[in-house]
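Nothing in this text is a laboratory measurement; each read-out follows from the coordinates by a stated rule. The structure displayed is predicted, hence computed values, not measured ones.
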């Protein structure tokens, strides 16, 4: 119920404002309109000449007397003479210490060298290397073949690419063994 009353009041106030605006527009349209050509000229104020001169004159500041008495000489540029810069002797710039891979301070380096000399070099059995040579040759052949593929070959040579190829190789090897067993044992699918 209260919503209906508030809506009615707002509608009544809006209607009242629109009616007042309409009445104001009617009064404005009822006013006579005069053309500017037929209208009488505006009266002009008569200003005495002295007051007009005071308002229109710019105040000029007189030049100081000593400046007026000086003779005027043209400005002449002096002849161009290049100036020699004074020679300054700078001390030599110290060069930084050369970069090295030494991690230990130089005072400990002889002790570390003697310790490293006492550690034997790891020995690798030569027979074990001969077993892996065919795998090394296959790997080098694979790298050489994928060089021709450009960016795609670089992706195949990466660790992730080799892992994907190995996974699919194992899957296909398993599928081929399964197919062989199916044919050999006479399984029917």
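Multiplying the residue separation of residue 7 and residue 99 by 0.36 nm and subtracting their alpha-carbon distance yields 24.4 nm.
Given their separation in residues at 0.36 nm each and the Cα-Cα distance between them, residue 145 and residue 167 gain 5.9 nm when the chain is fully extended. Rounded if a/c is under 1.5, else prolate if a/b is larger than b/c, else oblate: which is segment 129-185, with a ≥ b ≥ c the root eigenvalues of its Cα gyration tensor? Because a/c hits 1.5 or more and a/b fails to exceed b/c, segment 129-185 counts as oblate. Multiplying the residue separation of residue 21 and residue 175 by 0.36 nm and removing their Cα-Cα distance gives an extension gain of 46.2 nm.
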